[in-house]
Structure formats: structure tokens, C-alpha cells
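K.L.:
Sharing a structure here in C-alpha cells format.
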Amino acid sequence: MIVENTQTQMRKGILEYCILSLISREEIYASDIISELTKARLIVVEGTIYPLLTRLKNNGLLIYNWQESTSGPPRKYYILSPAGLEVLKRLDTTWSELSYAVEVSLENRIIEPTTEKS
Amino acid sequence: MNKTIIININGTVFHIEEDAYEVLRTYMTGVKRHFTYTTDSEEIVTDIENRLAEMFSERLKLDHKQVIIIDDVEFVTEKMGVVDDFDIDEEDQTIRLSTGAYKTEKKLFRDTEDSLVGGVCSGIGHYFGVEPKWIRLIAIITLFMGIGIPLYIILWLIIPKAKSRVDKMAMKGEPINIQNFKKNFDEEIEGLKSGLRTASKEAKPAINRLARFIGKAGMLFIKFIGAIIILTGVIGLFVLALGLITFLGYWNGNQLNTFPFNVVNPGYKSVLTLSAFTLIFIPITALVIFAIRVLFAHFEVSKTLYFGMLIIWLAGLGIGVYHISKIGSEFNEEAQFSVKSNLKRSKSFYLKLNPVQYLTKEDSMDYNIDPNNFKGRIILNSRRGEFNLPRNVSLKIEKADVGTPVLIQEFSAKGPDFQTALENAQRAKHRYIQTDSTLLFDGNTHLQKGELWRDQNVHLILRIPESTTLFIEGTLNRYLEDYSLWDCQPQNAKSDFLSEWIMTANGLKCKNDSLYNQKENSTERQ
């Protein structure tokens with residue numbers, strides 16, 4: 001139970017950071033975010049993304065544009081707002097700190113890479 | 001072939017199969033409920049719907065299809081994820097409690113998949129969580145109490161049938177969410193594959209399967225009965241139609257002279273036969289049609305046919321009743337006349353039933369009787385008289401005021417008016433034969449061939465002088481008025497026993513009265 005809780009916490013924070021990073025690269029569509037995350041082996045279902053994006057947008061971190069789609073209804077393409085960029089920068093700092101902390105903590109330990117999901 | 005539904009997802013129109021639609025609808029209901037307590041739920045749901053629409057479009061385009069089937073819905077919803085997996089982002093974990101699997105209220109539906117008649121009992125069973133068989137048992141008990149059938153019909157009309165899968169799940173009280181939905185759907189598919197309607201082998205206890213089996217067996221039994229009804233009904237109709245023609249020819253040819261056929265006036269024979277035929281033929285036809293409808297659900301019968309049949313039946317009934325009442329009016333008047341004959345004097349008389357059967361050679365052939373052997377009995381010794389009429393002879397023995405014994409034959413008959421009634425009575429014949437002291441009576445009046453039965457009767461009055469001895473044969477007992485021969489003969493006496501009577505001033509008296517009374521008393525004492 002504790003393990004699961006920790007895992008959820010870790011994934012939660014990282015998922016948000018990853019999504020902001022992906023959006024910062026270029027205008028992006030929700031399902032493309034999923035593909036990118038899948039590529040990065042951070043597997044979530046699409047249903048997870050929509051509430052998260054909506055919340056980030058309502059917090060002023062994201063802006064979206066409607067774009068016509070050849071298949072189906074118009075799509076929402078997301079970009080970072082200036083505030084979002086600011087948040088991302090701060091998260092970058094946090095991440096490098098955390099990354100360093102983890103790196104140091106894990107020194108002399110061998111962790112086998114795994115493709116397994118959580 | 002499947003039914004499709006047209007749906008509109010945020011402005012995009014899709015054709016979707018019914019089953020697929022139900023899965024999708026349930027999925028979306030789950031999603032909406034999941035986000036009910038989230039801010040901006042509407043926007044999230046719209047985003048998800050748009051994405052689903054997009055994925056459907058892509059899949060349809062990819063496969064060059066026009067209709068969304070269940071596989072598409074499963075693929076798309078799998079990609080979107082089940083609602084429980086959405087929670088990774090939720091900041092407030094308590095939301096989780098309010099979402100997920102929610103218990104639905106049980107609803108009362110008729111379960112037509114597990115039904116004997118209309119699925120009322122199994123539906124009620126589901127609602128109260130009782131096996132349908134117990135409800136059925138109660139239903140059968142109420143059936144005998146007289147309220148069962150109307151109550152059942154009312155419930156049948158009121159309770160809706162569980163049509164959709166959602167209905168069926170609500171009926172069984174299963175929570176309506178996507179997992180259960182899929183489970184339910186898969187069960188159904190599995191059931192169809194294995195030839196069973198529902199495959200809930202592991203999920204439900206054996207007793208439920210038993211109930212199901214009883215239901216199925218009952219259905220099978222009903223179908224079996226239906227098949228028998230159809231088969232015998234069709235054969236019956238055929239025989240009836242054939243019999244009608246034969247009977248009409250036979251009867252109109254005056255071949256049927258026995259009671260009650262000889263009541264009917266010749267002019268009414270065909271009409272009455274036809275109306276009787278209609279009265280039998282139509283209900284059997286209706287029964288056969290009904291059985292066919294029960295057996296083959298797709299067999300449609302127009303109401304016009306039923307109405308037509310009803311009208312013909314009523315017409316047949318009306319015509320039949322009319323003619324029967326016409327025949328009844330032939331019995332309006334009664335006429336009587338008497339023939340008085342003096343008998344030869346004798347000190348004693350032997351009264352016997354004429355043992356000679358009045359079967360002419362022609363009659364014997366008509367009744368197809370072997371004159372020497374009728375059901376093991378010799379016809380010529382039969383004492384039953386002609387069997388084509390009801391009993392119509394009665395005998396009364398009185399004291400004569402004069403010294404001469406007298407036999408009075410009172411003939412009576414009925415007719416539409418007095419004259420006809422009198423003529424009818426005059427045509428009736430009754431014979432007695434006196435040879436010395438023996439008197440032989442016919443057991444019946446006799447009608448001429450082709451004569452109609454109009455309650456022709458003969459009442460015999462035998463007047464005997466005082467102190468004359470009478471030896472009365474036991475067979476006459478049934479004709480004799482006022483006295484019972486049983487009082488004057490030993491127990492277990494044969495029917496040809498001659499009981500000995502004497503005419504006194506106070507009427508007929510058993511000669512050996514004391515003897516038989518003693519005997520009776522002694523047997524009683526034993």
C-alpha cells in the first residue's frame with residue numbers, strides 16, 4: 001500500500017513535468033502527448049490526460065488553439081503560456097536538483113533497466 | 001443483420017450497432033459520473049468525447065466501414081482507459097470514493113429470457129432476489145385460488161420487458177459500469193456460442209441452473225403440448241370435414257333412426273348439422289392457430305381472421321339455437337287417446353315382458369347387427385326392447401270394479417298443435433299378447449321407420465278383479481308404477497323370477513309377504 005502510494009506520488013509529479021516539457025517543444029495534441037509518453041515508456045491511458053490538461057489550462061499554464069482535423073472534430077492543440085514557461089523553468093531546476101539527489105543516493109547501486117510498467 | 005443507431009458525438013454523426021451503442025453509452029455514463037465532482041467536468045467530458053469521435057472516424061476510414069461495431073468501441077475505450085485508471089491525476093483521492101462502481105437500484109422488469117409464459121415470475125424473482133421457481137409456485141397456488149390468471153395478465157401488461165442489456169442488469173441489480181457490462185456482454189456471447197442463452201455457470205449457484213432448467217423444460221413441455229395440439233387439431237379438422245359430408249348423406253338418407261337423431265325434422269337436418277359442425281370446427285381451428293402462434297413466434301395472424309371466425313361461430317350458434325327452439329315448439333301440445341280391451345278371464349295371470357325383439361331383418365341390417373350374436377347376447381332373447389327410443393311404457397295395476405279384467409292403453413304424444421300431436425300418438429304402436437293366462441307386454445312403443453320422436457308414450461292400466469293371483473316377472477319392475485317387485489322376492493332373485501301377488505280390496509298385496517319379510521329380517525339379524 002505504501003509502495004503504491006509512493007509510486008503514485010512519483011508518477012504524478014513526473015507525469016505533469018513531462019507533459020509540460022512535451023508541450024514546450026511544440027504545439028501538441030493530446031493523443032500525440034500519449035504517443036510521446038508511450039515512447040518514453042511512461043504509460044498512461046488517454047483518459048488520464050484530459051483532466052490533467054484541463055486543470056493545467058485552468059491554472060493558466062497552458063493555452064490551446066482549435067485546429068481543423070481531417071478525421072473528426074477540430075482538435076485542441078496546446079502550447080505553454082508565459083506562466084507555464086515560468087513554471088517549467090522552476091520545475092527544471094527542481095528536477096535537476098532531484099535528479100542529482102537521486103543520482104547520489106543511488107550511487108554504487110546497480111539498477112537493472114526494466115520495461116515493466118510500474 | 002444488426003440494428004444500428006445513429007448517434008451524434010459533438011456534431012459528428014455515426015452509425016453504431018445497438019450492442020456497441022449500449023457499451024459506449026455505459027462507458028460514457030461512467031466517465032460522466034467519474035467527473036461529476038470535478039471542476040470543469042463538462043470540458044473534460046467534451047474533450048474525451050471528441051477524442052472518441054476522432055478515433056471512431058479514424059477506425060472507420062481505415063477499415064472502409066460505415067458502422068461502428070462492438071470491437072471498435074472496445075478498442076477505443078481501452079485506449080481511453082477505464083475510469084478507475086483516470087485517478088492518477090486526481091489531487092483529491094476522496095473523489096475516488098464517490099466514483100467507480102456505483103450500485104444501481106434494482107428495477108422490476110419481465111425476464112423474457114427465463115420465462116415460461118411472459119417472464120413475470122422470473123422478473124419478480126430477480127427483484128426480490130428469489131429463485132423464479134418459488135414465485136412460480138406461488139403463482140400456481142394463486143391460480144387455484146382464482147385470482148392467478150387476471151393478476152398475471154395485469155402484471156404482464158404493467159411490467160415492462162427487459163429489452164436492453166442495461167435493463168437486464170438493472171433487473172438483476174448488477175452495478176452498471178463498463179466492467180460489468182463487458183462481463184455481461186461476454187457472458188451473453190459465450191452463452192450464444194455454447195447454445196445457451198446465458199452462461200453463468202460459475203457465477204451462479206447450481207440451484208439457479210436448476211430453476212433455469214425447469215424453466216427450459218417447461219418451455220419444451222409447452223412446445224410439446226403445442227405440437228400435439230396442432231397435430232391432433234389438424235387431423236381432427238380433416239376428419240370433421242370428411243365426417244360432415246358422410247354424416248349429411250347418411251342422415252338425410254334416413255339411415256339414422258335412433259334417438260336423438262329422430263327428433264329432428266327432416267328439413268332441419270342439414271342446417272343443424274352445419275351449425276354443429278361450425279360450432280366444433282371453428283374453436284378447433286382457433287386452437288390450432290393459437291398453438292402455431294405460440295410455437296412459431298413469427299407466425300402472424302390478422303385480427304380480421306379472428307373476428308371473422310368469431311362471427312361465423314356466433315352465426316352458427318344462432319342458427320343452431322333457432323332451429324333447436326323450432327324443434328322445441330313441436331312439443332308444445334300434448335294429445336292423448338285410450339284403447340280399452342277386455343281380457344279373457346282367468347283365476348291367475350302371468351305378467352311378462354315380451355321377450356321378442358322387434359328387429360326386422362331390415363332393421364338388423366340397418367344397425368349392422370348379427371341377429372344371433374349381439375355383444376355376446378342373443379338378440380331374440382333380449383328384453384331391452386328397441387334401443388332407439390327413450391323408455392316410454394308404464395304399467396299401473398288397479399282393482400277392477402267389474403268381474404272382467406281390462407287393459408287400457410293410453411297413448412300420448414306431442415306436437416306443434418293438438419291435431420298433429422294426436423296424429424303422432426295414433427301412429428305409435430304398442431302390443432300386448434294374451435295366451436290363456438299369460439300376458440306379454442312390449443317394452444316400447446313402436447314408431448314407423450322415419451317417424452319423428454315426439455315423446456310418444458303409452459300408459460298401460462291393468463284392471464284386475466279382486467282375489468286374482470298375479471305372477472309378475474322381475475323385468476317388469478322398471479315399468480311398474482306404485483309397487484316395487486323387490487318387496488316380493490327373495491334377495492338375489494334373477495330378473496325372470498315370478499313374484500306372486502294377490503289383488504285385495506285395498507289393492508295389490510304380496511302373497512308371500514311374511515316369508516320374504518322374515519327372510520329380510522333374518523338377513524338383517526345376521
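K.L.:
From the list B:G100, B:G30, pick out the single residue that is more than 9 Å from chain A (Cβ to nearest Cβ), at pLDDT below 80, open to solvent by less than 50 Å² (accessible area, probe 1.4 Å) and under 60 Å from the mean Cα position of the chain (by Cα).
P.N.:
Details: B:G30 fails: at pLDDT below 80.
Answer to the selection: B:G100.
K.L.:
While we're on this one: Identify all residues within the stretch B:326-349 that are open to solvent by less than 70 Å² (accessible area, probe 1.4 Å) and more than 30 Å from B:C510 (Cα to Cα); write none if there are none.
P.N.:
Result: B:I327, B:G328, B:S329, B:E330, B:F331, B:A335, B:F337.
K.L.:
Ok, one more. Whether any residue in the stretch A:106-118 is within 14 Å of another protein chain (Cβ to nearest Cβ) and touching a residue at least 24 places away in the same chain (Cβ under 8 Å) is what I want to check. If you could, list the steps in order and put the result at the bottom.
P.N.:
Initially, the stretch A:106-118 is screened for residues within 14 Å of another protein chain (Cβ to nearest Cβ), giving A:117-118.
Now restrict to residues that are touching a residue at least 24 places away in the same chain (Cβ under 8 Å): A:117-118.
For the stretch A:106-118, residues within 14 Å of another protein chain (Cβ to nearest Cβ) and touching a residue at least 24 places away in the same chain (Cβ under 8 Å): present.
K.L.:
Further, regarding this structure: Return yes when B:R427 is open to solvent by 20 Å² or more (accessible area, probe 1.4 Å), of a type in the set (K, R) and farther than 30 Å from B:N512 by Cβ and no when it is not. Outline the logic, then answer.
P.N.:
On the way: open to solvent by 20 Å² or more (accessible area, probe 1.4 Å): yes; of a type in the set (K, R): yes; farther than 30 Å from B:N512 by Cβ: yes.
The answer is yes for B:R427.
K.L.:
Only one of A:Y78, A:Y64, A:Y100, A:Y50 is aromatic (F, W, Y) and in contact (Cβ under 8 Å) with a residue 24 or more places away in the chain; which?
P.N.:
None of the other options fit; the residue is A:Y78.
K.L.:
If you take the residues in the stretch A:1-25 that are at pLDDT 85 or above and either open to solvent by 50 Å² or more (accessible area, probe 1.4 Å) or hydroxyl-bearing (S, T, Y) (or both), which one is farthest from B:T38 (Cα to Cα)?
P.N.:
We begin by selecting, within the stretch A:1-25, every residue at pLDDT 85 or above; these are A:14-25.
Those left that are additionally either open to solvent by 50 Å² or more (accessible area, probe 1.4 Å) or hydroxyl-bearing (S, T, Y) (or both): A:14, A:16-17, A:21, A:24-25.
Details: A:I14: 22, A:E16: 18, A:Y17: 22, A:S21: 25, A:S24: 26, A:R25: 29 Å.
So, considering only residues that are at pLDDT 85 or above and either open to solvent by 50 Å² or more (accessible area, probe 1.4 Å) or hydroxyl-bearing (S, T, Y) (or both), the one farthest from B:T38 (Cα to Cα) is A:R25.
K.L.:
Here's something else I'd like to know. Name, by its number, the condition in (1) at pLDDT 85 or above; (2) within 30 Å of B:K414 (Cβ to Cβ); (3) among the aliphatic types (A, V, I, L, M) that does not hold for B:V263.
P.N.:
All conditions pass for B:V263, except number (1).
K.L.:
What single numbered condition from (1) at pLDDT 85 or above; (2) more than 8 Å from every other protein chain (Cβ to nearest Cβ) fails to hold for B:R51?
P.N.:
(2)
K.L.:
Right, here's the next one. Here are the criteria: (1) open to solvent by 30 Å² or more (accessible area, probe 1.4 Å); (2) more than 21 Å from B:V83 (Cβ to Cβ); (3) within 13 Å of the chain's Cα centre (by Cα). Tell me which single one A:I28 does not satisfy.
P.N.:
For A:I28, the exception is condition (1).
K.L.:
Give the stretch A:16-73 a look and list any residue that's under 15 Å from B:E43 (Cβ atoms), in contact with a strand residue (DSSP E or B) (Cβ under 6 Å, 6 or more places away or on another chain) and hydrophobic (A, V, I, L, M, F, W, C), or say none.
P.N.:
Correct list: A:L56, A:L62, A:I63.
K.L.:
Out of the stretch B:456-494, which residues are touching an Asp or Glu at 6+ places or on another chain (Cβ under 8 Å) and either in a loop (DSSP other than H, G, I, E, B) or of a type in the set (K, R) (or both)?
P.N.:
Once the filter is applied, which keeps residues that are touching an Asp or Glu at 6+ places or on another chain (Cβ under 8 Å) and either in a loop (DSSP other than H, G, I, E, B) or of a type in the set (K, R) (or both), the stretch B:456-494 yields B:R463, B:Q491.
K.L.:
Can you tell me which of B:H15, B:H64 is on the phi > 0 side of the Ramachandran plot, modelled with pLDDT of 85 or more and open to solvent by 40 Å² or more (accessible area, probe 1.4 Å)? Give the derivation first.
P.N.:
On the way: B:H15 fails: on the phi > 0 side of the Ramachandran plot.
Among B:H15, B:H64, only B:H64 is on the phi > 0 side of the Ramachandran plot, modelled with pLDDT of 85 or more and open to solvent by 40 Å² or more (accessible area, probe 1.4 Å).
K.L.:
Is one or more of the residues making up the stretch B:299-312 open to solvent by 80 Å² or more (accessible area, probe 1.4 Å), free of Cβ contacts under 8 Å to residues at least 12 places away in the same chain and outside any helix (DSSP H, G or I)?
P.N.:
Looking through the stretch B:299-312, at least one residue is open to solvent by 80 Å² or more (accessible area, probe 1.4 Å), free of Cβ contacts under 8 Å to residues at least 12 places away in the same chain and outside any helix (DSSP H, G or I).
K.L.:
Taking B:F86 and the conditions (1) within 20 Å of B:M169 (Cα to Cα); (2) surrounded by 18 or more Cβ atoms within 10 Å (Cβ to Cβ), which numbered condition does it fall short on, given that it satisfies the others?
P.N.:
Of everything listed in (1) within 20 Å of B:M169 (Cα to Cα); (2) surrounded by 18 or more Cβ atoms within 10 Å (Cβ to Cβ), B:F86 misses just condition (1).
K.L.:
Could you say whether any residue in the stretch B:292-308 is charged (D, E, K, R) and modelled with pLDDT under 80?
P.N.:
Yes, the stretch B:292-308 contains at least one residue that is charged (D, E, K, R) and modelled with pLDDT under 80.
K.L.:
Which of the residues belonging to the stretch B:473-507 are closer than 24 Å to B:E410 by Cβ and under 49 Å from the mean Cα position of the chain (by Cα)?
P.N.:
B:E473, B:T475, B:L476, B:N477, B:R478, B:Y479, B:L480, B:E481, B:D482, B:Y483, B:S484, B:L485
The values are calculated or read from the model by the stated rules, or taken from the named source; none is laboratory data. Please read all numbers here as calculations on a predicted model, not as lab measurements. Counting neighbours? That spans all protein chains shown, and the Cβs are built from the backbone with ideal geometry, glycine included. Only protein heavy atoms, including side chains, enter the accessible area calculation; ligands, DNA and RNA are left aside. Shrake-Rupley method; radii C 1.70, N 1.55, O 1.52, S 1.80 Å.
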